[in-house]
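Everything below concerns the one structure shown next.
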Amino acid sequence: MAALDKPPPAAEDGPGSGGERGILEGLRRLEGNDPRESGCRIGCGAGFSSDRLGPAVDLLAEGGLDWLVLECIGERTMAFGHRDRRRDPNAGYNPLLEARMRALLPLCRRHGTRLLSNMGVANPRRAAERTVEIAGELGLRGLTVAWLEGDEVTDLLGPQVPSCEGDPAGEARGGLIAANAYLGIEHLLPALATGADVVLTGRVADPSLFLAPLVQRFGWAADDWDRLAAGTLVGHLLECGMQVTGGYFADPGRKEVPDLARCGYPIAEVTADGGAVITKLTSAGGLVSTATVKEQLLYEVHDPSAYVTPDVIADFSAVTVEEIGRDRVRVAGARGRPRPGRLKVTLAFDGGWLGEAGVSYAGINALARAELAREILKERLVRIHGLACPLRFDLIGVDSLHGTAGVGPVRTEDVRLRVACRSRDRREVELVLWETEAILTCGPAGGGGFRGRITESVTTASSSLPREAVRCRVEVLET
Amino acid sequence: MSRRVRLRDIAHARAGDKGNTSNVSVWIEDPAHYAAVLRQLTPDRLRREFPRLLRGPVEIHALPHLRGLNIVMREALEGGVNRSLNLDGHGKSWSYLILRLEVEVDEPLKTRCR
């Protein structure tokens with residue numbers, strides 16, 4: 001879980017809440033110099049469920065944003081949301097919603113910025129109700145919160161779970177936790193059209209969270225595929241937060257990023273023709289360059305000429321990336337083809353239990369001692385106890401992450417033996433942890449630092465549904 | 001005169017994952033090196049370099065105007081993030097698997113990437 005970078009500001013101006021800048025920005029707007037008038041300024045204030053909060057506060061305070069988007073769902077967090085809601089009907093939304101709303105809502109109100117987020121995860125209604133409660137506690141009268149439901153399609157699938165990619169053996173059948181369709185702008189736009197200050201959703205295609213505000217603002221037609229592709233490009237570049245402003249990029253001595261500890265979230269300045277500049281606050285650390293933008297351009301993309309979303313099939317193969325100033329990069333040239341007729345669906349299955357345990361060896365002959373510990377554990381777990389569940393042994397510092405690829409080994413005198421396993425029988429996982437801990441006194445000399453943990457495992461697979469089968473509903477709440 | 005260099009000295013890269021498919025985009029800094037890299041970094045070579053890891057088809061998409069290429073490796077994540085027992089189930093570090101490969105290029109310029 002991410003720690004907060006700074007305490008959330010109070011409802012009144014506190015240190016670092018940007019009050020003075022807010023006044024300056026208000027003056028700029030009165031003088032007709034509001035950067036928002038000529039285009040649309042969208043910021044991304046979270047690129048995954050546990051992303052930082054402090055830089056989102058700064059972005060809202062100083063960014064002059066029309067919209068702040070928080071993208072907070074991954075395949076795992078979606079599934080865990082469903083599991084949380086099963087245990088407690090009031091849970092299942094993003095665990096950081098409370099902290100984020102307390103810090104951001106007062107600034108949204110002050111700067112006239114609307115907030116759009118998929119922090120509803122598996123319970124958008126409760127996320128919206130909680131947001132309204134928080135707004136009330138903050139004294140924000142008349143704040144409106146719209147929530148969108150309809151992405152959860154578990155009931156639509158019926159008793160027969162469809163065949164899906166990622167589950168070739170069909171092993172997961174029967175343990176279906178939930179299925180969610182990726183919604184797009186056709187589902188989001190009615191929620192935005194309510195004019196609500198905050199819009200909360202469950203599963204939505206990530207770029208659609210950014211495209212929808214642009215379509216609403218500029219009135220792009222539902223079949224203006226090139227503009228929809230241009231907006232999708234903006235969304236794709238912003239959806240992972242700092243991955244376009246210097247995060248996931250630095251390689252000391254080779255790729256330097258200034259002040260990465262204070263890295264800022266991205267801003268897109270978009271015009272009605274779909275042109276866009278990717279930038280960040282000048283006061284924030286990080287880097288926006290052709291290199292950071294190019295790396296993000298193909299992040300999780302397969303064929304660059306066919307990036308499929310619910311809204312458009314975007315062709316990024318002729319996109320241009322041009323540095324037009326310090327930390328300012330212009331992107332253009334996305335093209336689009338008609339959207340697909342089916343919506344992607346992710347199915348989450350109960351994957352049993354994941355166990356991980358480790359002990360470390362350091363100093364003279366550390367590698368040989370760690371290897372001996374590994375052999376002893378294999379002998380005990382597989383041959384003596386007869387465990388048949390998937391087991392993996394790594395020597396961290398020698399051949400772990402790239403071990404399967406056949407890289408290594410390297411020389412080191414600081415090695416950690418890691419044991420990982422997955423099983424539907426929790427007792428088997430507990431046995432792996434027990435045996436690994438016992439290696440401290442029953443194994444090689446000088447082993448220390450045992451840690452072990454057991455977590456619930458969720459496996460996922462993909463399928464699809466006809467677009468028409470998915471029905472959505474919007475409701476608006478108010479403080 | 002040509003020489004062997006690690007890709008990391010002339011290019012930068014980023015890894016992403018979707019299900020059990022990994023993609024690594026590789027960006028060559030000097031236009032003079034692009035054609036040579038594209039010629040030498042083939043699907044066949046990648047499967048030969050990492051036979052135990054790359055169990056499925058490998059495709060390479062070129063973006064010449066950006067000096068980029070996108071390596072798409074199916075069934076290359078030991079089951080994917082929700083199934084793999086690898087510490088790095090996303091394959092976030094696969095970019096550095098690619099960057100350690102050597103290619104033959106004309107005398108390289110040492111550049112810092114920006």
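The values are calculated or read from the model by the stated rules, or taken from the named source; none is laboratory data. This is a predicted model, so every value here is computed, not measured. As a convention, Cβ positions derive from the backbone with ideal geometry for all residues, glycine included, and neighbour counts pool all protein chains shown. For accessibility, only protein heavy atoms count, side chains too; no ligands or nucleic acids. Shrake-Rupley method; radii C 1.70, N 1.55, O 1.52, S 1.80 Å.
Quick notes
- Restricting A:363, A:333, A:408 to residues that are at positive phi and either among the aromatic types (Phe, Trp, Tyr) or at pLDDT below 95 (or both) narrows the list to A:408.
- Any hit, the stretch A:366-387, residues being more than 9 Å from chain B (Cβ to nearest Cβ) and over 29 Å from residue A:409 (Cβ atoms): yes
- Pick from the stretch A:172-200, criterion part of a loop (DSSP other than H, G, I, E, B) and under 17 Å from residue A:76 (Cα atoms), ranking: least open to solvent (accessible area, probe 1.4 Å): A:172
- Selection status of residue A:174, modelled with pLDDT of 95 or more and among the small types (Gly, Ala, Ser): no
- In the stretch B:5-36, the residue that is farthest from the other protein chains (Cβ to nearest Cβ) out of those that are open to solvent by less than 30 Å² (accessible area, probe 1.4 Å) and part of a helix (DSSP H, G or I) is B:36.
Here's the yes/no breakdown for (1) more than 30 Å from residue A:127 (Cβ to Cβ); (2) without any contact (Cβ under 8 Å) to a residue 60 or more places away in the chain; (3) within 14 Å of chain B (Cβ to nearest Cβ):
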{"residue": "A:394", "(1), (2), (3)": "yes, yes, yes"}
{"residue": "A:404", "(1), (2), (3)": "yes, yes, yes"}
{"residue": "A:408", "(1), (2), (3)": "yes, yes, yes"}
{"residue": "A:429", "(1), (2), (3)": "yes, no, yes"}
{"residue": "A:448", "(1), (2), (3)": "yes, no, no"}
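- The one condition in (1) open to solvent by 30 Å² or more (accessible area, probe 1.4 Å); (2) assigned to a loop (DSSP other than H, G, I, E, B) that residue A:378 fails to fulfil: (2)
- One residue alone among A:2, A:91, A:79, A:56 is assigned to a loop (DSSP other than H, G, I, E, B) and at pLDDT 50 or above, and that residue is A:91.
- Subset of the stretch A:222-247 that is open to solvent by 10 Å² or more (accessible area, probe 1.4 Å) and either aliphatic (A, V, I, L, M) or part of a helix (DSSP H, G or I) (or both) - its residue that is farthest from the other protein chains (Cβ to nearest Cβ): A:222
- Within the stretch A:384-479, strands (runs of 3 or more DSSP E) holding 2 or more residues that are open to solvent by less than 40 Å² (accessible area, probe 1.4 Å) and within 30 Å of residue B:22 (Cβ to Cβ): A:391-396, A:414-423, A:448-466
- Residue B:77 vs. criteria free of Cβ contacts under 8 Å to residues at least 24 places away in the same chain, of a type in the set (A, V, I, L, M, F, W, C) and assigned to a loop (DSSP other than H, G, I, E, B): no
- Residue B:67 meets each of the listed conditions (1) open to solvent by less than 60 Å² (accessible area, probe 1.4 Å); (2) within 18 Å of residue B:14 (Cβ to Cβ) apart from (1).
- Pairs, first under 17 Å from residue A:194 (Cβ atoms) in the stretch A:209-226, second of a type in the set (Lys, Arg) and surrounded by 17 or more Cβ atoms within 10 Å (Cβ to Cβ), C-beta under 8 Å, six or more apart: A:213/A:114
- Exactly one residue out of A:39, A:120 is among the small types (Gly, Ala, Ser), surrounded by fewer than 24 Cβ atoms within 10 Å (Cβ to Cβ) and in contact (Cβ under 8 Å) with a residue 40 or more places away in the chain: that is A:39.
- Strands (runs of 3 or more DSSP E) within the stretch A:248-337 that include 2 or more residues touching a residue at least 24 places away in the same chain (Cβ under 8 Å) and closer than 20 Å to residue B:13 by Cα: A:320-325, A:328-332
- Criterion: among the charged types (D, E, K, R), within 24 Å of the chain's Cα centre (by Cα), surrounded by fewer than 20 Cβ atoms within 10 Å (Cβ to Cβ) and more than 14 Å from every other protein chain (Cβ to nearest Cβ) - qualifying residue of A:262, A:339: A:262
- Restricting attention to the stretch B:37-64, the residues that are more than 12 Å from every other protein chain (Cβ to nearest Cβ), surrounded by fewer than 19 Cβ atoms within 10 Å (Cβ to Cβ) and not in a loop (DSSP other than H, G, I, E, B) total 6.
- For the stretch B:65-91, residues that are under 15 Å from the mean Cα position of the chain (by Cα) and at the interface with chain A (Cβ under 8 Å from one of its Cβ atoms) total 3.
- Restricting the first member to the stretch B:21-40 and to residues that are more than 30 Å from residue A:460 (Cβ to Cβ), and the second to residues that are among the β-branched types (Val, Ile, Thr) and open to solvent by 10 Å² or more (accessible area, probe 1.4 Å), the beta-carbon pairs closer than 6 Å and six or more apart or on different chains are B:29/B:111.
- Some residue of the stretch A:301-317 being closer than 24 Å to residue A:226 by Cβ, in contact with a His (Cβ under 6 Å, 6 or more places away or on another chain), within 11 Å of chain B (Cβ to nearest Cβ) and crowded, with 21+ Cβ neighbours inside 10 Å: yes
- Any hit, the stretch A:97-111, residues being assigned to a loop (DSSP other than H, G, I, E, B) and either at pLDDT 95 or above or in the same structural domain as residue A:185 (by TED's automatic domain parsing) (or both): no
- Residue ID - most open to solvent (accessible area, probe 1.4 Å), chosen from residues in the stretch A:64-76 that are in a loop (DSSP other than H, G, I, E, B) and touching a Lys or Arg at 6+ places or on another chain (Cβ under 7 Å): A:66
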